[in-house]
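The values are calculated or read from the model by the stated rules, or taken from the named source; none is laboratory data. None of these values were measured; they are calculated from a predicted model. Every residue, glycine among them, receives a Cβ derived from its backbone with ideal geometry; neighbour counts consider all protein chains shown. What goes into the accessible areas is simple: the full protein's heavy atoms, side chains included, and nothing from ligands, DNA or RNA. Shrake-Rupley method; radii C 1.70, N 1.55, O 1.52, S 1.80 Å.
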Amino acid sequence: MRCFDTHFNRWDSTRAAAILAVLLGTPSVLFAAEEEPAAPVYGLDTVVVTATRTHLAEKKVPMSTTVVSSDDMRKTGVYNVRDALKTVPGLNVLEAGMTGNMVSIRGMGTASTLILVDGRRMAGEDSGSTMNVYELNRINVDEVDRIEVIRGAGAAVYGSDAMGGVINIITKKDKPAGGYIGTRTGSREKSVYGGLSTGRVGKLDMNVNYNLTDVRESNSDGDSNMFGPKRYFDVNGTWHFTEDSGLAFGASFLKEQSREYTAGDPSASSAAARYDMTEWFDNNRSDYYLKYFGRDAKNDYEFQTYYNRLGKESRKRIPQAWQDFDHVKYGTLVVEGKNTYRPDTHHALTYGLEYRHQEVAGTRLADGAEKVRQERYLGMTKDYSSADLSSYAGYLQDEWQITPKLFFVPGIRWDHHSSFGAEFSPRAGLTYELSRNARVKTNYGYGYRAPSVFELYSHMDRNMGRMQVQVWGNKDLQAEESRNFDIGVEAERGKAAGKLTYFHNKIDNLINARFVGRFGRAVRYLYYNIDKASMDGVEAEFSYRFGKHWDLNANYTYLDARDKATDEQLEGHARNTATAALTWTDAGKAPWTATLYTTLYDRFKNGEDQYYTWSTTNFVLGKDINRQLHVYAGVDNLFNKTFGEDDDYSIYGRTWRAGLEYRF
């Protein structure tokens, strides 16, 4: 059991005071006069739901929040959700080689970010190196209404896995009768997609969406990416009992069929590694949910249950024979209820209960878990076992308007996990209005991440590329713990808007995989807890509208992420990241739009302790032919930045994209 502790008494109080002085001493251009009208172009009246699990204006939310709208995604012609998030400050979604991508908020690591779809967790990979790596590419971007990114501890309302932050992908609902159909193509993939909505027919409205994508092969010296078809289909709807209550339901299905080539090494000592290899991947995920919702004069409530399952099968072959296979299943079942009660105009109390059950079974656990049996496939045999984890939780939060200028959001959550017991997660956020168009925000929170099934019970032994990799779980792992603090100022004046935020994160019991040694051609790793890591940084954002034709948006993140035991920079992060985007429109009834944006990564550290600095420039041109038809074309990495053969890091070179969409 833990609550707010004395950690920040040990933090450098002089540095904290200096940061606060800098923030409050920001030039007066940021602090608009009381009578200065706000600039609506920057969406500061946007209502968000993720930060507090209630509907609240973005400028009032104490937590650092970024919203990416469907209009933003349409202007840049994004391929997928990862593509839509790559310019969000403080968020690292750099692609991990040619297989997936990182999802790291403020340096907290891929496993410390909670990804939700309409507030629901999705079954997925659960090792420290694969958690969330593929998730953003599995979501149908064409039905996304907006994406809300919350930076900072979210455990007080969401529990485990949210200690770095939350990405909530919110899909389109209550659509009018009609539909859409589109296609996109480019260097990396091609797809056709569409959907149909009935609108309100009596008490029922229904929506159907589909996406058929083929990821193109990209090959470098015989080694390829994971390429092949992906198929997505979903149906959802709402039965409205009254205008204030109803039953929402839905189901979605995803099928991925991929291949990957690995070139053999004729000089390898192992015979298996000397031959070219092909690996096939077949992944299937299904998701089902049912939610009752309602509201009255003082309450806004919902009761929800959902279940989703991901099944993965892979097989690997050299020319002479089958070499390896892997079967694994992940399942997540959640039952939860939540209510927001408004006793008066000064308070909004949100409270809820949640039960969650996770199950994992497969050859990756081998004989490390329970119900061990033999799995036979294509003439090969492996051990197969299963394990599950359960948790139940309750939380309470108050949105307290203390004065007309001071807004306070305290919250606390209690979780009980079957793997390590009980945990309290407190958080407090405060927004103080300096004027109508300027405010200071600060937050402090405690977060945690429970060890996953894989980290506890894994006994994986797989041929991966030219290597045999063994990863052993550790049943004695402790939960990761984090303390998060941030303070920032944001303001609008006329055509300009800006934000400046300082953040400090500290992690105890960080879960990592330690190299144990070599056993023949096998390399073995064991999960363990390391002592401490810390992340300090600054996020800055600036927007300016020159007129009805031109907009400028820029952001910068400084991140100092360190292992406290060695004082070395953590791998997988850049010290400095900056993005600048210039957008033009002719402001016509069927407008042309053009966006040019550049992203800089400075002192990025890879897994081989090497540092890289690079930038990429992208350009997208779009045109509304009429109210129904939109077309676009663009080029990513315009100047074809790549790395050499001797580098241990790679990015895609110049690629192109184009597409069209028709709505009816």
**Study point:** Yes/no for Asn225 being under 12 Å from Asn140 (Cα atoms) and not hydrophobic (A, V, I, L, M, F, W, C)
**Key:** no
Point to revise | Given (1) in contact (Cβ under 8 Å) with a residue 40 or more places away in the chain; (2) hydroxyl-bearing (Ser, Thr, Tyr); (3) over 30 Å from Glu492 (Cα atoms), index of the condition Thr442 fails | key: (3)
Review point. Can you name the residue in the range 196-224 that is under 18 Å from Leu247 (Cβ atoms) and charged (D, E, K, R) and is also surrounded by the most Cβ atoms within 10 Å (Cβ to Cβ) among such residues?
Key: Asp205
Study note, to complete from the structure: Selection from the range 613-664 of residues within 27 Å of the chain's Cα centre (by Cα) and charged (D, E, K, R) yields Asp636, Lys641, Asp648, Arg654, Arg657, Glu661
Exercise for review: Out of the residues in the range 250-263 that are surrounded by 17 or more Cβ atoms within 10 Å (Cβ to Cβ) and not hydroxyl-bearing (Ser, Thr, Tyr), state the one that is nearest to Asp300 (Cα to Cα).
Suggested key: Gly250
Point to revise | Total residues in the range 574-588, condition in contact with a Leu (Cβ under 6 Å, 6 or more places away or on another chain) and either open to solvent by 50 Å² or more (accessible area, probe 1.4 Å) or within 17 Å of Lys506 (Cα to Cα) (or both) | key: 1
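Take the conditions within 25 Å of the chain's Cα centre (by Cα) and not hydrophobic (A, V, I, L, M, F, W, C) and apply them to Arg216. Does it pass? Don't jump to the end; show me each part of the working.
Working: within 25 Å of the chain's Cα centre (by Cα): yes; not hydrophobic (A, V, I, L, M, F, W, C): yes.
Yes; evaluated as a whole, the condition is true for this residue.
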**Study point:** Residues (part of a strand (DSSP E or B), of a type outside the set (Ser, Thr, Tyr) and either open to solvent by 40 Å² or more (accessible area, probe 1.4 Å) or at pLDDT below 95 (or both)) located in the range 284-304
**Key:** Asn284, Leu290, Lys291, Phe293, Arg295, Asp300, Glu302, Phe303
Check your understanding: Quick one: what pairs do we get from the range 305-322, first residue surrounded by fewer than 19 Cβ atoms within 10 Å (Cβ to Cβ), second modelled with pLDDT under 90 and assigned to a loop (DSSP other than H, G, I, E, B), C-beta under 8 Å, 6+ apart or different chains?
Key -> Arg309/Ala123; Pro319/Tyr275; Pro319/Asp276; Gln320/Tyr275
Study note, to complete from the structure: Conditions (1) on the phi > 0 side of the Ramachandran plot; (2) open to solvent by 40 Å² or more (accessible area, probe 1.4 Å) -> Gly421 fails only (2)
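Given the range 313-397, what strands (runs of 3 or more DSSP E) lie entirely inside it while holding 2 or more residues that are over 26 Å from the mean Cα position of the chain (by Cα), modelled with pLDDT of 95 or more and closer than 30 Å to Leu430 by Cβ? Write out each step before concluding.
Numbers: elements: 321-344, 347-362, 370-377.
Fully inside the range 313-397 and qualifying: 321-344, 347-362.
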**Study point:** Qualifying helices (runs of 4 or more DSSP H) (wholly inside the range 2-95; at least 1 residues being at pLDDT below 50 and open to solvent by less than 50 Å² (accessible area, probe 1.4 Å))
**Key:** 7-10, 13-24
Review point. Looking at the range 138-146, is at least one residue in contact with a helix residue (DSSP H, G or I) (Cβ under 6 Å, 6 or more places away or on another chain), part of a helix (DSSP H, G or I) and either without any contact (Cβ under 8 Å) to a residue 40 or more places away in the chain or more than 28 Å from Asp536 (Cβ to Cβ) (or both)?
Key: yes
Check your understanding: Could you give every pair whose Cβ atoms fall below 6 Å, whose first residue belongs to the range 473-495 and is closer than 30 Å to Arg514 by Cα, and whose second residue is open to solvent by 30 Å² or more (accessible area, probe 1.4 Å) and assigned to a loop (DSSP other than H, G, I, E, B), counting only separations of at least 6 or pairs across chains?
Key -> Ala479/Phe420
Point to revise | Selection within the range 113-126 - touching a residue at least 60 places away in the same chain (Cβ under 8 Å), open to solvent by 10 Å² or more (accessible area, probe 1.4 Å), within 28 Å of Val471 (Cα to Cα) and not acidic (Asp, Glu) | key: Arg121, Met122, Gly124
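Determine, yes or no, whether Ile147 is at pLDDT 90 or above and touching an Asp or Glu at 6+ places or on another chain (Cβ under 7 Å).
Numbers: at pLDDT 90 or above: yes; touching an Asp or Glu at 6+ places or on another chain (Cβ under 7 Å): no.
Taking the combined requirement at face value, the residue does not satisfy it.
Examine the range 173-184 for a residue that is touching a strand residue (DSSP E or B) at 6+ places or on another chain (Cβ under 9 Å), small (Gly, Ala, Ser) and surrounded by 17 or more Cβ atoms within 10 Å (Cβ to Cβ), and state whether such a residue exists.
Pass one, the range 173-184, residues touching a strand residue (DSSP E or B) at 6+ places or on another chain (Cβ under 9 Å): 173-184.
Still in the list and also small (Gly, Ala, Ser): 177-179, 182.
Adding the requirement that they be surrounded by 17 or more Cβ atoms within 10 Å (Cβ to Cβ) leaves 182.
Looking for residues that are touching a strand residue (DSSP E or B) at 6+ places or on another chain (Cβ under 9 Å), small (Gly, Ala, Ser) and surrounded by 17 or more Cβ atoms within 10 Å (Cβ to Cβ), one finds at least one in the range 173-184, hence yes.
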Study note, to complete from the structure: Subset of the range 428-467, residues open to solvent by 40 Å² or more (accessible area, probe 1.4 Å), more than 30 Å from Thr403 (Cα to Cα) and not in a loop (DSSP other than H, G, I, E, B), comes to Tyr457, His459, Asp461, Met464, Met467
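Of everything in the range 102-112, what is under 17 Å from Thr87 (Cβ atoms), within 10 Å of the chain's Cα centre (by Cα) and buried (at least 22 other Cβ atoms within 10 Å of the Cβ)? Give them in sequence order. If you could, list the steps in order and put the result at the bottom.
So the first thing to find is which residues in the range 102-112 are under 17 Å from Thr87 (Cβ atoms), and the list is 102-106.
Among the residues that remain, those that are also within 10 Å of the chain's Cα centre (by Cα) are: 102-105.
Correct list: Val103, Ser104, Ile105.
Return a yes/no flag: does the range 269-276 have any residue that is aromatic (Phe, Trp, Tyr) and under 24 Å from the mean Cα position of the chain (by Cα).
Residues of the range 269-276 that are aromatic (Phe, Trp, Tyr), as a first pass: 275.
Then drop every residue that is not under 24 Å from the mean Cα position of the chain (by Cα), which leaves none.
Within the range 269-276 (the criterion being aromatic (Phe, Trp, Tyr) and under 24 Å from the mean Cα position of the chain (by Cα)), the answer is no, since none of the residues qualifies.
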Exercise for review: Count, please, the residues in the range 158-196 that happen to be part of a loop (DSSP other than H, G, I, E, B) and not charged (D, E, K, R).
Suggested key: 8
**Study point:** Inter-residue pairs, beta-carbon under 8 Å, first of a type in the set (Asp, Glu) and in the range 596-621, second open to solvent by 70 Å² or more (accessible area, probe 1.4 Å), 6+ apart
**Key:** Asp602/Thr613; Glu608/Asp648; Asp609/Glu571
